[in-house]
Amino acid sequence: MNILVPDSWLREFLITKATPQQIKEYLSLCGPSVERVHKEGGDVIYDMEVTSNRPDSMSILGIAREAAAILPRFGIPAKLMNDPYARRVRPFEARAQKKLNVRTDPELNPRWTSVVIDNVKVGPSPAWLKKRLEATGIRSLNTIVDITNYIMQAYGQPVHAFDYNQVLAKNGVPTMILRASKKGERVTTLDGKTHTLPGDDIVIEDGSGRLIDLCGIMGAENSSVKSSTKTIVLFMQTYDPTHIRRTSISLAHRTESASLFEKGLDPELVYPSILKGIELINQVAGGQVASKIYDIYTKPYRPYTVMLNKEKLATYLGVSLSDKEINSILTPLGFSVKGQRVGVPSFRRDVTIDVDIVEEVARIYGYHHIKPKLPSTEP
């Protein structure tokens with residue numbers, strides 16, 4: 001998957017004096033491949049290819065984390081900042097108590113978060129927000145939609161917003177029910193296309209039974225945010241990746257959201273993302289929190305460790321690394337090291353066995369530093 005990364009936006013997550021040329025060269029040696037660099041509106045834009053097994057790197061944050069680990073290997077200090085995982089959670093006080101009735105399926109939807117935000121102003125976005133999105137190839141639409149796209153580009157977490165007043169009620173309370181679709185159900189998405197569903201697709205219906213979201217792919221037109229919208233439901237979540245990929249392919253409906261969800265996203269990123277969404281909507285659109293944050297997370301992430309044998313690492317690399325050097329490589333990537341135990345961060349569940357850790361150490365150490373050596377043979 002290719003992503004466009006503006007240098008000015010990257011440096012909101014990365015403290016470094018590295019030049020764009022150094023970032024291009026050194027990231028390509030040890031991490032995501034920078035295929036080309038061009039200038040646009042006075043900014044440098046990196047066109048990067050990220051391998052499909054690394055959804056954690058398909059964002060400005062993810063690239064900044066990689067750069068913070070790689071650049072010091074070339075003698076250039078670098079440090080990650082504004083990391084949402086390190087954000088301290090502060091409770092939000094709702095001025096009004098608007099309610100939602102939420103029902104979901106944890107097998108289809110490992111984590112659901114939503115919040116009602118009132119008094120939003122839907123209109124043109126400020127220049128800084130438009131510029132950021134346009135630099136990543138996204139057309140500015142309005143304050144609310146632009147904020148959802150901003151978070152997706154910044155964090156790699158897709159976001160959706162519903163018009164609260166178009167989420168119809170059941171027993172007097174606006175209702176959202178996430179479930180598997182039935183064969184033949186129909187939904188018209190935001191782009192005006194009407195889809196007849198094959199069945200077992202992830203959808204949300206409201207209190208009247210209408211489908212209001214083709215989950216992970218595109219929202220429905222009937223609940224979309226319009227210029228007249230005053231109250232929204234901000235919605236962030238994760239899905240079973242197999243369902244998203246199957247639906248996207250069967251309907252021939254490819255979106256950036258689907259491309260992310262089908263790779264399996266980190267449920268631990270969902271809550272910090274919705275906090276950032278609330279903050280931006282207040283800043284850009286004047287919105288005020290009007291409900292509690294609904295957070296349904298029945299099977300929370302359980303941290304785990306992978307054992308790393310230093311002798312085995314040395315066998316693969318052909319060189320012995322000190323504990324200090326191993327720590328200096330793995331820690332900026334989000335891993336924690338205690339002796340031979342390596343704690344795997346929630347966003348790196350592609351790492352499950354010791355060879356995965358060896359690969360991480362080898363690429364940051366630099367394959368170009370590993371000297372070729374012929375195997376010994378019988379005389």
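The values are calculated or read from the model by the stated rules, or taken from the named source; none is laboratory data. Small disclaimer: the values here were computed from a predicted structure and weren't measured. Neighbour counts are summed over all protein chains in view; Cβ atoms, including those assigned to glycine, are modelled from backbone coordinates with ideal geometry. To get the accessible areas, we keep the full protein, side chains included, count just its heavy atoms, and leave off ligands, DNA and RNA. Shrake-Rupley method; radii C 1.70, N 1.55, O 1.52, S 1.80 Å.
Below are the figures for this structure:
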read-out	value
Number of positions in the range 302-311 that are assigned to a helix (DSSP H, G or I) and either touching a Phe, Trp or Tyr at 6+ places or on another chain (Cβ under 6 Å) or closer than 18 Å to G343 by Cα (or both)	1
Leading residue by the ranking (farthest from the chain's Cα centre (by Cα)) among those in the range 162-194 that are open to solvent by less than 20 Å² (accessible area, probe 1.4 Å) and over 17 Å from R103 (Cα atoms)	V187
Qualifying residues in the range 249-259 (those that are farther than 19 Å from I204 by Cα and in a helix (DSSP H, G or I)) - the one most open to solvent (accessible area, probe 1.4 Å)	I249
1 or more residues under 18 Å from A252 (Cβ atoms): qualifying strands (runs of 3 or more DSSP E) within the range 152-235	186-188, 194-196, 202-205, 211-214
Single residue of L260, L251 found to be under 23 Å from S57 (Cα atoms) and of a type in the set (A, V, I, L, M)	L260
Scan of the range 35-57 for residues that are outside any strand (DSSP E or B) and open to solvent by 10 Å² or more (accessible area, probe 1.4 Å), ordered by number	G41, G42, T51, S52, N53, R54, P55, D56
Which numbered condition G75 misses (of (1) out of contact with any helix residue (DSSP H, G or I) (no Cβ under 8 Å at 6 or more places or on another chain); (2) surrounded by 19 or more Cβ atoms within 10 Å (Cβ to Cβ); (3) of a type outside the set (V, I, T))	(2)
Restricting the range 232-248 to residues that are of a type in the set (S, T, N, Q) and more than 16 Å from Q157 (Cα to Cα), the residue that is surrounded by the most Cβ atoms within 10 Å (Cβ to Cβ)	T247
Residue within the range 269-283 that is over 21 Å from the mean Cα position of the chain (by Cα) and within 30 Å of L141 (Cα to Cα) present	yes
Checklist (1) open to solvent by 100 Å² or more (accessible area, probe 1.4 Å); (2) within 30 Å of T238 (Cα to Cα); (3) among the β-branched types (V, I, T) applied to V342, failing item	(1)
Hits in the range 115-129 (condition: outside any strand (DSSP E or B) and within 20 Å of the chain's Cα centre (by Cα))	L129
Filtered residue count, the range 211-229, keeping only those that are surrounded by 14 or more Cβ atoms within 10 Å (Cβ to Cβ), in contact (Cβ under 8 Å) with a residue 40 or more places away in the chain and over 19 Å from L108 (Cα atoms)	5
Subset of the range 131-145 (residues that are under 19 Å from S259 (Cα atoms) and either outside any loop (DSSP other than H, G, I, E, B) or touching a Ser or Thr at 6+ places or on another chain (Cβ under 8 Å) (or both))	L133, V145
Scope the range 8-32; condition touching a strand residue (DSSP E or B) at 6+ places or on another chain (Cβ under 6 Å) and either in a loop (DSSP other than H, G, I, E, B) or surrounded by fewer than 18 Cβ atoms within 10 Å (Cβ to Cβ) (or both); matching residues	S8, I15, P20, S28, P32
Scan of the range 311-336 for residues that are among the aliphatic types (A, V, I, L, M) and either without any contact (Cβ under 8 Å) to a residue 60 or more places away in the chain or open to solvent by 60 Å² or more (accessible area, probe 1.4 Å) (or both), ordered by number	L313, A314, L317, V319, L321, I326, L330
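Yes/no per residue for (1) in contact (Cβ under 8 Å) with a residue 40 or more places away in the chain; (2) of a type in the set (S, T, Y):
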| site | (1), (2) |
| --- | --- |
| A135 | yes, no |
| R139 | no, no |
| Y155 | yes, yes |
| L168 | yes, no |
